[in-house]
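Asks: Quick one: the structure is below, and I'll ask about it shortly.
The values are calculated or read from the model by the stated rules, or taken from the named source; none is laboratory data. It should be emphasised that the depicted structure is a prediction, and the values quoted were computed from it without experimental measurement. A quick note on method: Cβ atoms are made from the backbone with ideal geometry, for glycine too, and the neighbour counts reach across all protein chains shown. For the accessible areas, the whole protein counts, side chains as well, though only heavy atoms, and no ligand, DNA or RNA atoms are used. Shrake-Rupley method; radii C 1.70, N 1.55, O 1.52, S 1.80 Å.
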Amino acid sequence: MSASRARRRKAEKIRQLLKTEGDAIHENTSVFNEDRYNAIEGFDKFENLRTEARAIKEEAIENLPTLLDQLRESVEANGGNLYLADGAADANRYIEEIAKSEDAETLVKSKSMTTEELEVNEHLEEIGIDVFETDLGEFVLQVADEEPSHLVGPSLHKSKDDVAALFNEYFAPEEPFETAEELTAFARDYLGEKICSADLGMTGANFVLAESGTITLITNEGNARKCAVTPDTHIAVAGIEKIIPDAECLQPFIELISKTATGQDISQYVTMLTPPVDSPTIDFDRPDEPIGSGKRNREFHLVLVDNGRLAMREDDQLRETLYCIRCGACANSCGNFQHVGGHAFGGETYTGGIATGWESGVHGQDAASDFNDLCTGCSRCVNACPVKIDIPWINTAVRDRVNRADDSKTFDFLVEGLTPDTEPSGLDIQKRVFGNFETLAKLGSATAPLSNWITNIDPVRIAMERYLGIDPRRDLPSFERETLVDWFESRRPRTPNATADRKVVLYPDVYTNYVMVDRGKAAVRTLEALDVHVELTAPAESGRAPLSQGMISTATECATEIADDLDPYIEAGFDIVVIEPSDIAMFQREYEKLLDDDVHDSIRENSYEIMEYVYGLFHNGADLDVLADPDGSIAYHSHCQQRTLGLEVYTEAVLSDLGFDVVTSDVECCGMAGSFGYKSEYYELSMEVGSDLEAQFTNKTDKTLVASGTSCTEQMESLFGREITHPIELIAPTR
């Protein structure tokens with residue numbers, strides 16, 4: 001299939017899901033996300049528990065072989081059976097043997113993503129066993145014959161009316177279902193009967209304790225414990241990553257999982273079972289007999305599944321995926337997921353940001369390739385994850401592998417020798433173009449304004465859409481002939497400011513140097529007015545553009561060049577100031593992956609976002625009167641990566657200190673133009689995500705619209721059709 005056709009198909013799928021599932025997904029995930037904020041706002045131990053939980057998972061995965069041996073001894077000492085399955089076929093074969101040995105005809109299940117991964121239901125149904133999902137969301141999907149759209153809320157893409165229509169058609173009740181209470185009551189009674197008559201019960205396990213053989217089930221419906229103890233035989237299926245040492249290690253996870261998953265202080269049911277349990281068996285065919293009159297003893301089988309996990313444990317890029325506790329917070333916090341859900345942002349089994357790691361590890365790299373680009377690397381999920389998994393990096397690493405697996409060489413003749421990237425031949429031309437924006441910017445600036453005219457004529461835009469997938473509805477960057485570096489070097493002889501208290505080297509990112517030059521000029525004027533000696537590094541790509549396309553080798557080369565350029569300035573006592581939030585995020589976060597530790601530490605410890613630095617100058621005695629007077633009121637939207645790093649507060653504080661009347665957006669994502677929203681397959685989704693911000697600022701026509709990030713600026717210009725101002729331009733002196 002041609003690349004352009006594949007893009008059209010993806011765009012159509014996203015468009016359809018936005019129409020059919022988008023409203024329900026947006027409402028439900030937004031509620032989860034807001035409730036998460038509320039749950040952790042007054043929970044002082046949250047960050048400490050995240051650190052503790054992370055350490056427990058790191059140690060557990062490191063010591064997994066030992067814990068497996070210990071768990072086997074514990075389970076067998078309790079009278080149960082443990083089976084370690086290599087993969088789906090092996091696990092299903094073992095479960096089939098149990099079913100046949102019991103002459104089982106029916107099985108009831110609680111919610112389990114691992115059994116979804118193994119397709120246990122399908123296998124059992126093929127051999128004639130009736131399987132009933134007892135989680136309400138999973139039951140809805142079983143009736144609808146659909147796949148889960150969310151790790152925690154599998155049917156979040158369905159509204160109450162959707163479920164009522166489904167049940168009315170499928171079950172044909174005498175009185176049609178209308179309310180949520182009616183639907184829930186029917187499901188409870190219907191599934192209660194199935195549980196009482198089932199031959200087998202199956203659960204997953206949120207955590208498995210090696211020391212005692214105890215499994216922990218965390219639910220809001222109570223059906224899991226019924227499935228575990230009502231039938232005589234209980235089968236628990238879990239990935240080997242669910243093992244932790246003991247009950248003492250369980251506490252931080254119990255505290256965290258409900259808060260991050262659904263925003264509850266604690267889940268409705270926290271069940272700890274050390275099976276086979278001691279409770280007597282029940283013979284529901286003889287209701288008049290006393291409990292315990294059944295003739296059978298209880299049986300327990302713990303089926304632990306590898307299915308690629310041991311290989312993930314040895315994979316430096318995928319290993320962190322095994323720390324996941326399946327809370328779904330990465331999905332709930334993701335702007336794209338909030339609008340399109342897991343049927344687009346997900347693979348064969350798993351959904352959301354962490355799905356890339358899971359799908360690659362258990363189903364293979366190709367299983368993640370179709371949805372991986374829906375992760376924009378905004379990093380909102382980083383602070384949401386209860387075990388501090390660097391989810392954006394996992395997505396980037398897999399994207400890089402997908403790039404290298406592509407052996408198509410259709411357009412190599414267009415890029416070989418023309419682009420400075422270090423990627424292999426066959427890289428998708430769209431990704432290669434976006435990953436080499438610096439090259440385009442240099443050419444566009446050198447030939448401006450002619451370049452700006454040429455790239456906006458219809459035949460060129462048509463060709464860009466067909467071959468590069470650049471949506472014609474997007475306004476392209478307008479390059480400046482005079483770059484920031486040109487302007488800076490031409491002003492006057494550069495001599496040290498003898499009265500300056502501080503020395504700054506300003507990093508001229510690609511957009512600031514070639515496109516948004518005015519914000520760079522404003523930064524220089526502001527710093528100099530505050531008695532700072534300013535110099536500029538050589539203009540160079542930070543690595544953000546190639547990294548966004550999964551081009552890690554090229555990004556590493558860019559980072560190394562930047563580090564070499566900054567090193568003499570750091571040695572000379574200069575502070576590094578960055579205007580673009582995505583680039584300060586590179587310096588602070590991603591360079592840890594790309595550079596040696598000591599080099600990254602040096603850059604991280606000495607780099608500041610521009611408004612953060614201005615704030616520091618203010619609070620160290622700088623004279624505010626030298627800056628521009630506040631003029632009117634403003635509506636401000638901060639950048640995603642600013643928020644992840646906790647930097648947006650400095651911009652707000654500076655503007656407030658200077659007397660600006662500021663309305664700050666509480667919408668977390670603008671939809672991101674940039675290397676995501678420019679692509680034709682994602683344009684509609686990008687604009688749909690942006691509709692939340694549009695709704696919040698629509699009535700702010702009397703205010704200056706302000707944004708810190710490049711992608712935010714471009715997106716807001718598309719949303720509002722108005723010029724967007726950078727905060728530093730508001731406060732800069734006019735000279």
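Asks: Can you list the lysines whose alpha carbon is less than 17 Å from that of Lys703, not counting same-chain residues fewer than 8 positions off?
Replies: Filter leaves no residues.
Asks: At a 1.4 Å probe, what is the % contribution of carbon and sulfur to the accessible area of the chain?
Replies: Solvent-exposed carbon and sulfur of the chain make up 46 percent of the total.
Asks: State the antiparallel share, in %, of DSSP beta bridges confined to segment 229-385, rounding to the nearest 5.
Replies: For segment 229-385, the DSSP antiparallel bridge percentage is about 10.
Asks: Once both labels are modelled 7 Å past Cα along the beta-carbon direction, what's the Glu561-Ala89 spacing in nm?
Replies: With each label point 7 Å from Cα toward Cβ, the separation is 4.9 nm.
Asks: Given H placed 1.01 Å from N in the peptide plane, which residues other than close sequence neighbours of Thr664 have an amide H under 5 Å from its amide H?
Replies: Here Tyr636 satisfy the definition.
Asks: Can you list the residues, at least 5 places off or on another chain, whose amide H is less than 5 Å from the amide H of Thr214, using H built in the peptide plane?
Replies: For Thr214, the qualifying residues are Leu209.
Asks: Tyr608's amide H: which non-local residues (gap 5+, or another chain) put their own amide H closer than 5 Å, with H modeled 1.01 Å from N in plane and none for Pro or chain starts?
Replies: Counting only residues 5 or more places away or on other chains, the set is Ile576, Val577, Val578.
Asks: In segment 152-218, if the dipole is taken from +1 on Lys/Arg beta carbons and -1 on Asp/Glu beta carbons about the Cα centre, which of Ile195, Val163, Ala180 is farthest to the positive end?
Replies: Most positive-ward Cα: Ile195.
Asks: Of the beta bridges DSSP finds with both residues in the chain, what % are antiparallel, to the nearest 5?
Replies: 20 percent
Asks: Helix 46-62 versus the longest principal axis of the chain: what angle, 0 to 90°, nearest 10, using Cα atoms?
Replies: So the helix axis and the longest Cα principal axis differ by about 70 degrees.
Asks: Can you give me the Cα centroid spacing of segment 551-608 and segment 659-686 in angstrom?
Replies: About 26 Å separates the Cα centre of segment 551-608 from the one of segment 659-686.
Asks: Among 589-600, 620-631, 394-405, how do they line up by average Cβ neighbours within 10 Å per residue, starting with the highest?
Replies: 394-405, 589-600, 620-631
Asks: Put +1 on the Cβ of every Lys and Arg and -1 on every Asp and Glu Cβ in the chain; which of Ser478, Leu217, Trp453 then has its Cα farthest towards the positive end of the dipole?
Replies: Trp453
Asks: Exceeding 31 Å between C-alpha atoms, which entries from my cross-link table qualify? They are Lys111/Lys160; Lys109/Lys593; Lys57/Lys109; Lys593/Lys679; Lys442/Lys679; Lys100/Lys226.
Replies: Result: Lys109/Lys593 exceed 31 Å.
Asks: Here is a follow-up. Residue farthest toward the positive end of the dipole of the chain, with Cβ of Lys/Arg at +1 and Asp/Glu at -1: which of Ile257, Gln16, Ala441?
Replies: Ala441
Asks: Using the Cα centre as the reference, give the magnitude of the dipole from point charges on the C-beta atoms of segment 494-543 (Lys, Arg: +1; Asp, Glu: -1; all else neutral), rounded to the nearest 20 debye.
Replies: Charge dipole, segment 494-543, about its Cα centre: 80 debye, nearest 20.
Asks: Report the FRET efficiency, 1/(1 + (r/R0)^6), for Thr537 and Thr66, where r is their Cβ-Cβ distance and R0 is 41 Å, rounded to 0.05.
Replies: 0.25
Asks: Can I ask one more? State to the nearest 20 debye the size of the charge dipole of segment 299-416 about its Cα centre, where the only charges are +1 on K and R beta carbons and -1 on D and E beta carbons.
Replies: In total the dipole reaches around 480 debye.
Asks: Given a 1.4 Å probe, how much area per residue of the chain is accessible, in Å²?
Replies: 41 Å²
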